[in-house]
1. Tell me, yes or no, whether the range 59-72 has at least one residue that is closer than 14 Å to Lys20 by Cβ, without any contact (Cβ under 8 Å) to a residue 24 or more places away in the chain and under 14 Å from the mean Cα position of the chain (by Cα).
2. Where the second residue is of a type outside the set (A, V, I, L, M) and the first is closer than 17 Å to Val60 by Cα and lies in the range 37-49, which pairs have Cβ atoms under 7 Å and are six or more apart or on separate chains?
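Derivation of every value follows stated rules applied to the coordinates shown; laboratory data play no part. All figures in this text were calculated on a predicted structure; none of them were measured in a lab. Cβ placement follows ideal geometry from the backbone for every residue including glycine, while neighbour counts extend to all protein chains displayed.
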Amino acid sequence: MENIDHNDIRYKKAAKRVKKLKNFYTFFFIYIAVNIFILFLNYKGLKPGETIWRIKYFLVPLFWGIGLIIYGMSVFLPNFFLGTKWEDKKIKELMNK
């Protein structure tokens with residue numbers, strides 16, 4: 001097995017990427033679990049003749065899902081918005097000051 005240099009820039013970038021992936025999967029699991037629970041509570045609290053298929057019951061999952069999609073894009077498409085090129089440019093700019 002290869003020795004790992006924890007000060008290597010490649011190691012630091014890989015560790016940062018793994019942390020982002022882990023956070024995304026954790027947030028995704030929480031999103032699924034909490035929204036299933038919320039929808040279950042809403043379904044359980046329905047009055048006779050009411051239906052679960054109303055927009056008010058899906059607003060939290062919808063907006064939270066939009067946020068999760070945006071976060072997922074930053075994890076899986078890192079150069080989509082303020083990506084590594086922007087980070088490198090900003091680091092060089094700040095180091096020159």
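1. For the range 59-72, residues closer than 14 Å to Lys20 by Cβ, without any contact (Cβ under 8 Å) to a residue 24 or more places away in the chain and under 14 Å from the mean Cα position of the chain (by Cα): present.
2. Close Cβ pairs satisfying both conditions: Leu39/Tyr57; Asn42/Tyr57.
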